[in-house]
Every structure is written in C-alpha cells, then in structure tokens.
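Asks: What follows is a structure written as structure tokens; I'll ask about it next.
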Amino acid sequence: MSRRSFLKKSSLATLGLLAYPAYSSAFELNKNKDVIIGHNTHRYKVNLNWGNLDPLKTPVNDCHEMIQDSKGRIVLLTNETKNNIIVYDKSGKFIESWGTEYPGAHGLTLIKENGTDYLLITDYERHQIIKTTLDGKVVFTIDFPEQTGLYSNKKEFKPTETTVTKTGDIYVADGYGNQHIIHYNNKGELINVFGGHGEGDDQFLNAHGICYDDRDANNPSLLITAREMNQLKRFTLDGNFIESINVPGALICRPVIHKKDIYFAVLRSKNAIDFDSGFVLIMNDKNEVISCPGATAPNYKNNNLEELYQTVRIFQHPHDVCIDDDENVYVSQWNSGKTYPIKLTRV
Amino acid sequence: MRLRVLIFVILSIGCAKKNDYLQEREIALVQPIVKATSTIIDSSVVLTANLRMKDVDLFYTDDGTIPNENSLKYSGPLSIKKEGVYSFKAFHADWKPSAISKLKLYKKGKIPETINWETSVSATYPGIGDLTVLNNKKGSLDFRDKQWFGYDSIAKATVYFKEKTLIDNITIGYLVDTKSWIFPPSEVKVYLNGEFFLTVDFKELYEDNIAKLDDVEIPINRKLNTITIEVKNTTQLPEWHPGKGFKAWLFMDEWIFN
C-alpha cells in the first residue's frame with residue numbers, strides 16, 4: 001500500500017463511525033474533491049495508480065508510446081530493455097511483457113492486416129523500424145534510407161514515429177534525425193521523401209509524430225507534428241504541404257486520431273518556468289483546440305489561439321496518449337521518474 | 001468485544017468505497033507568469049501577473065517576503081517605480097497554492113561613456129555587440145535571446161566614465177541554465193582606476209538542473225573614472241552533470257552601475 005492510499009483510507013476510517021449510515025446526510029464521507037481536468041466536452045478524472053507494477057520485476061524507463069490492440073488490451077512501449085513492451089488490460093492489470101532489444105524504443109504503431117494485429121516499433125538508437133507480431137516475433141526491419149542520398153550514414157537517421165495508410169503504405173518521421181518524412185509502399189520499397197530540417201512551411205523542427213488522417217474519406221492526408229515549432233502540419237499523401245495549424249505554447253508529440261477528434265500529449269509548455277510542464281491537448285473535427293487537460297482553457301481571439309500552458313502540477317512530460325473504446329485516455333510520460341502511465345477517465 | 005466487532009464492521013463499510021482518483025488538495029497550482037515591460041526601471045515599468053484559470057487569486061509582496069492570502073491582492077497591471085523583488089503566488093479554494101514566482105526589478109544605473117573588451121565574446125552568442133551589457137535590457141530564460149553575451153572562458157572589459165563618478169555598487173546579471181551547460185561565474189575580479197580592488201568567489205553549487213536569472217551585487221562606494229571587470233566562467237561542470245569535467249558557459253546580460 002502506498003503512503004498516499006494509506007492516509008486516504010485512514011481518514012475515511014476515522015469518519016466512518018459517524019458517517020455511516022445515520023449521519024450520512026449531515027456529514028460528507030469525504031470532503032475532498034476528485035480532480036477533474038479538461039474543458040468543454042472532454043473532461044477527466046485522474047488515476048495515478050493505474051498500471052503501477054513492481055519496478056523490480058517489470059520496470060519502465062521512459063514510457064514513450066501506447067496503443068490499444070484489437071482485443072482491447074493496452075500496449076505500452078518503454079526504452080527499458082528488461083521489458084520493452086508491457087501489455088495491460090484496461091483496468092491496469094498486467095497481462096504480459098516482452099522485448100529486450102529496443103534500447104531506443106520510441107514510436108509504436110498498430111497495424112491490422114487481414115484480422116491480425118502487428119506492431120511497428122521505431123528505435124532511434126538502432127536507427128531502424130521493426131515490424132513485429134503482437135507477441136514479439138520480428139517480421140521485418142527497415143534500415144536507414146540510404147537510397148535517398150540524403151543520409152551519409154545510418155546514425156543520421158533517428159526515426160521517432162510511423163503511420164500506415166489503408167493500402168499499407170508506411171510513412172516514417174525522422175524526428176530526431178534529419179527531419180525527413182520517408183514514404184514506403186506496403187512491400188517496404190521507397191516511394192518518396194519530403195520535409196527536412198528547416199523553418200519553411202514544408203519543413204520541420206522536430207518532426208516528432210505522424211498519423212494518417214482519413215476522417216475525410218475522400219481526401220485522406222498526413223498530419224505531422226513540428227514539435228519545436230508548436231505546429232501541426234498537414235500534407236497530401238504524395239508529400240505536398242497543405243496547411244499549418246498553430247498551437248502556441250504547446251510542444252505536441254504525436255497526433256492520435258480517435259473517432260473525429262485528434263489527441264496529443266504535450267511534452268511541455270514552451271515558456272513555463274518548470275521544465276516538467278506538460279499537458280494533454282484535444283482538437284475537434286475542425287482542428288480547433290477544445291480541451292487541454294492540465295492546462296489553460298483554449299481560447300480563440302480573432303481566430304488565433306491564445307498561448308497554452310500548464311496550470312496544475314499533475315503531468316511532468318507527457319509523451320503519448322492512447323484513447324480506449326470507453327473514451328478514457330492513457331498518458332505515457334518521458335523523463336518522469338520512471339513512473340507508469342496515468343489513466344484519465346472521461347466524465 | 002462485541003463493541004469492537006461492531007466498530008470494525010462499521011469501519012469496513014466506511015472503507016469499502018475505494019477511490020483511485022486524484023484529489024484536488026493533493027495538487028498544486030502552477031506558479032503565476034510574471035512579466036514587466038522592462039526589468040530595469042528608468043521612471044516606471046508595468047508589471048503583470050497571470051495564471052489563466054477560473055477562480056484563481058494572485059497575491060504578491062514587494063519586499064522579498066513570501067506572499068500569503070493576507071498579502072496585496074493582484075487585480076491588474078501594476079505601475080512600479082521602486083526596485084526590489086516582487087513575489088507572486090496563486091491561490092484557489094480547492095487546489096494547493098502555487099510555488100512563488102519572483103521577479104527582480106533593478107534601478108537604472110549610470111551609463112559609462114565607453115566599454116573596451118579585452119577578451120572575445122563567443123561567435124555564436126555575441127548578443128547585440130560590445131554594448132550588450134550596457135543597453136538597459138535584461139535577458140530572458142531563453143539563452144538564444146540576443147540580450148545574452150556568451151563566454152566559454154574569461155570575460156574582461158574596462159568601462160570609462162566621462163568624469164569622476166560615485167559608484168555605490170555594481171550588479172552583474174547572469175543566466176543559470178544547467179541543462180544547457182550555462183552556470184554562474186566562478187569568480188569576479190574588480191579593478192578601480194587600474195588598481196586591483198577585490199575578488200568575489202562563487203560558492204553556489206547546484207545539485208540538480210535549474211534555470212533562472214540571477215545576479216551578484218558588488219559594493220564599491222568609491223569615486224572613479226574607470227572600472228575593469230573580469231568574470232571567469234565555471235571551468236569544470238560538477239560530477240552529477242552529463243558534461244562533468246568540461247567547462248561551462250557564462251552568459252551575462254547587464255552590468256548596472258549605481
């Protein structure tokens with residue numbers, strides 16, 4: 001039992017004698033209020049105990065990314081090589097773990113092929129993308145894109161994220177490397193490369209996350225975060241820049257589309273005094289920010305979003321979000337004292 | 001014995017509803033964002049504080065003490081004429097109060113006629129040129145801010161006043177951003193009219209990463225024409241730092257002569 005839960009239970013026990021049952025209308029059992037964070041339609045209670053495991057048996061380092069598989073299980077990727085993958089049920093109960101060979105485990109993407117789930121792991125220390133089965137068998141690897149002529153050696157390639165289209169094409173964001181977006185077909189053959197380091201519309205400073213956006217089925221596109229620029233950029237599937245969406249103050253990690261909304265972990269607030277000043281950000285189907293759990297309420301003035309920043313000290317460095325089929329959000333964090341993910345329960 | 005059993009049963013019922021959710025009183029607010037139109041006061045500056053959250057109240061002090069809910073309540077931009085340390089804290093009925101945000105405001109100093117640098121500033125962080133430390137503009141926490149004059153060795157310059165001038169003290173402003181290998185000076189030497197005057201040694205050791213604006217105020221209380229200031233960087237990063245053993249950067253924004 002943690003110290004915090006011991007104190008909580010002790011105080012309830014003290015009140016219990018008077019509170020139950022005759023005095024329950026006169027005295028509240030618990031005068032504390034559950035934290036509720038977020039705004040408008042997307043508000044959440046916070047569970048810091050979800051998924052906590054024995055760190056001696058199943059440790060984590062940075063909790064980089066999470067997905068929910070077809071069986072409804074929550075899959076966590078960490079760069080702890082004792083167990084790079086930890087699989088939970090939605091209640092936070094441990095199911096299994098595997099993976100010891102991914103020191104730079106960073107990006108985690110779910111692929112569904114003919115009713116079978118696969119994972120794409122990006123490892124920036126191995127300079128590779130690895131496709132695995134859901135129990136950890138390697139299907140194939142993609143090495144650094146030498147044939148583009150844009151990389152002199154594999155160490156320049158530090159991929160952070162992948163996304164897969166309906167046809168199986170794979171896009172890789174080289175977010176810690178040369179900032180290119182590399183496009184492969186479903187056989188792993190190079191099709192195109194675009195982006196690159198810079199501050200132009202079609203360039204990136206920290207192309208950290210990417211996702212395939214088919215909310216408009218007739219015009220699917222790519223959403224790519226330029227984290228240091230506090231921008232989300234949209235490109236056509238053949239790599240042409242369409243638009244930038246500004247999120248002032250928010251270092252957004254990767255876009256995660258759930259139904260019609262886009263969810264982001266925000267690593268930190270750009271101008272905060274504290275480094276560990278992250279939060280969660282949610283956009284609606286018009287790409288307007290509608291909720292920022294842990295941060296300022298989104299407010300538009302003359303169509304410009306006011307700078308966002310952390311307001312309560314809940315999150316440290318959120319790195320990814322996973323939204324389950326109950327609309328709850330799991331937040332995995334980088335550089336946060338080797339803590340397990342946080343669960344946000346929608347209210 | 002029967003009573004004990006009854007109490008146990010009641011307590012068990014009282015404990016039965018387990019609440020995994022975080023409680024508001026367990027969590028602190030973020031410290032307010034405090035800004036001034038300038039942190040060097042000529043006649044007056046405007047000070048603003050903000051934490052954009054419903055039902056938050058901000059309280060402040062102007063004497064360096066810790067604010068509480070009996071302190072001055074912030075209700076809008078403040079016109080400030082007096083130098084000092086302004087401290088702000090956020091309060092809310094349901095959340096723990098924030099940490100303190102401090103902003104130091106300086107009185108505008110006497111401006112020397114010229115400055116002659118004897119050592120070269122970093123080519124990467126040259127500020128706005130030789131006058132960076134005399135332009136009455138403080139730097140921000142962003143080390144890329146053009147108000148920072150960066151050195152990776154000794155910074156030495158002599159300033160010249162037009163006529164003999166009474167100087168009570170000198171304030172040297174610097175940046176601490178340990179993640180970016182920017183540390184306080186290790187030593188400052190001061191020469192008055194060409195004669196050695198004093199050495200200030202820095203004893204402050206950081207054991208964790210920190211980012212802040214800081215300064216050292218050196219008492220002078222002499223009439224003089226020239227002052228030579230020699231500021232030495234930290235030559236060895238501490239054991240805990242990823243760059244241990246390597247030299248640190250020294251970033252200065254203003255030399256203020258009062």
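Asks: Pick from B:34, B:46: which is more than 7 Å from chain A (Cβ to nearest Cβ), under 20 Å from the mean Cα position of the chain (by Cα), surrounded by fewer than 15 Cβ atoms within 10 Å (Cβ to Cβ) and at pLDDT 90 or above? Break it down into steps so the answer makes sense when it comes.
Replies: Details: B:34 fails: surrounded by fewer than 15 Cβ atoms within 10 Å (Cβ to Cβ).
Answer to the check: B:46.
Asks: Just a yes or no: is a residue in the stretch B:156-163 modelled with pLDDT of 95 or more, assigned to a strand (DSSP E or B), of a type in the set (Lys, Arg) and surrounded by fewer than 19 Cβ atoms within 10 Å (Cβ to Cβ)?
Replies: So far as the stretch B:156-163 goes, yes, one or more of its residues are modelled with pLDDT of 95 or more, assigned to a strand (DSSP E or B), of a type in the set (Lys, Arg) and surrounded by fewer than 19 Cβ atoms within 10 Å (Cβ to Cβ).
Asks: Right, another one. Taking the stretch A:277-325 as the region of interest, how many residues are of a type in the set (Asp, Glu) and out of contact with any Lys or Arg (no Cβ under 7 Å at 6 or more places or on another chain)? Break it down into steps so the answer makes sense when it comes.
Replies: Of the residues in the stretch A:277-325, the ones of a type in the set (Asp, Glu) are A:285, A:288, A:306-307, A:320, A:324-325.
Applying the additional criterion that residues be out of contact with any Lys or Arg (no Cβ under 7 Å at 6 or more places or on another chain) yields A:288, A:306-307, A:325.
Number of matching residues: 4.
Asks: Let me ask you something else. Run down A:176, A:151, A:171 and say which single residue is closer than 22 Å to residue A:241 by Cα and part of a loop (DSSP other than H, G, I, E, B). Break it down into steps so the answer makes sense when it comes.
Replies: Values: A:151 fails: closer than 22 Å to residue A:241 by Cα; A:171 fails: part of a loop (DSSP other than H, G, I, E, B).
The unique qualifying residue is A:176.
Asks: Let me ask something else. Looking at (1) at positive phi; (2) surrounded by 17 or more Cβ atoms within 10 Å (Cβ to Cβ); (3) more than 21 Å from the chain's Cα centre (by Cα), which is the one condition that is false for residue B:55?
Replies: With respect to (1) at positive phi; (2) surrounded by 17 or more Cβ atoms within 10 Å (Cβ to Cβ); (3) more than 21 Å from the chain's Cα centre (by Cα), residue B:55 is out only on (2).
Asks: A further question on this structure: Looking at the stretch B:229-243, is at least one residue of a type in the set (A, V, I, L, M, F, W, C), buried (at least 19 other Cβ atoms within 10 Å of the Cβ) and closer than 23 Å to residue B:134 by Cα? Walk me through how you get there before you give the answer.
Replies: Our first condition is that a residue be of a type in the set (A, V, I, L, M, F, W, C); within the stretch B:229-243, this holds for B:229, B:231, B:237, B:240.
Now restrict to residues that are buried (at least 19 other Cβ atoms within 10 Å of the Cβ): B:229, B:231.
Among the residues that remain, those that are also closer than 23 Å to residue B:134 by Cα are: B:229, B:231.
Checking the stretch B:229-243: at least one residue is of a type in the set (A, V, I, L, M, F, W, C), buried (at least 19 other Cβ atoms within 10 Å of the Cβ) and closer than 23 Å to residue B:134 by Cα.
Residues are listed down the side, and each one gets a yes or a no for (1) modelled with pLDDT of 95 or more; (2) of a type outside the set (Asp, Glu); (3) touching a His at 6+ places or on another chain (Cβ under 7 Å):
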{"position": "B:170", "(1), (2), (3)": "yes, yes, no"}
{"position": "B:174", "(1), (2), (3)": "yes, yes, no"}
{"position": "B:193", "(1), (2), (3)": "no, yes, no"}
{"position": "B:201", "(1), (2), (3)": "no, no, no"}
{"position": "B:207", "(1), (2), (3)": "no, no, no"}
{"position": "B:240", "(1), (2), (3)": "no, yes, no"}
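Asks: Now, a different point. Restricting to strands (runs of 3 or more DSSP E) lying wholly in the stretch A:35-140: which have 1 or more residues that are more than 14 Å from chain B (Cβ to nearest Cβ) and in contact with a His (Cβ under 6 Å, 6 or more places away or on another chain)?
Replies: Values: elements: A:36-39, A:42-47, A:63-68, A:74-78, A:85-88, A:94-98, A:105-113, A:116-123, A:128-133.
Strands (runs of 3 or more DSSP E) meeting the threshold: A:63-68, A:74-78, A:105-113, A:116-123.
Asks: Same structure again: Residue check, residue A:265 against (1) of a type outside the set (Lys, Arg); (2) surrounded by fewer than 23 Cβ atoms within 10 Å (Cβ to Cβ); (3) assigned to a strand (DSSP E or B), all met but one. Which one?
Replies: Unmet for residue A:265, out of (1) of a type outside the set (Lys, Arg); (2) surrounded by fewer than 23 Cβ atoms within 10 Å (Cβ to Cβ); (3) assigned to a strand (DSSP E or B): (2).
Asks: From the list A:178, A:192, exactly one residue is among the polar types (S, T, N, Q) and over 23 Å from the mean Cα position of the chain (by Cα). Which is it? Spell out how you get there, then give the answer.
Replies: Details: A:178 fails: over 23 Å from the mean Cα position of the chain (by Cα).
One residue alone meets the criteria, A:192.
Asks: Going through the stretch A:275-312 one residue at a time, which ones are at the interface with another protein chain (Cβ under 10 Å from one of its Cβ atoms), over 19 Å from the mean Cα position of the chain (by Cα) and either without any contact (Cβ under 8 Å) to a residue 60 or more places away in the chain or assigned to a loop (DSSP other than H, G, I, E, B) (or both)?
Replies: A:296, A:297, A:299, A:306, A:307, A:311
Asks: Among the numbered criteria (1) modelled with pLDDT of 95 or more; (2) under 22 Å from residue A:294 (Cα atoms); (3) not aromatic (Phe, Trp, Tyr), which single criterion is violated by residue B:79?
Replies: (2)
The values are calculated or read from the model by the stated rules, or taken from the named source; none is laboratory data. Everything numeric here is computed off the predicted structure, so don't read it as measured data. FYI the Cβ positions are ideal-geometry reconstructions off the backbone, even for glycines, and counts take in every protein chain you see.
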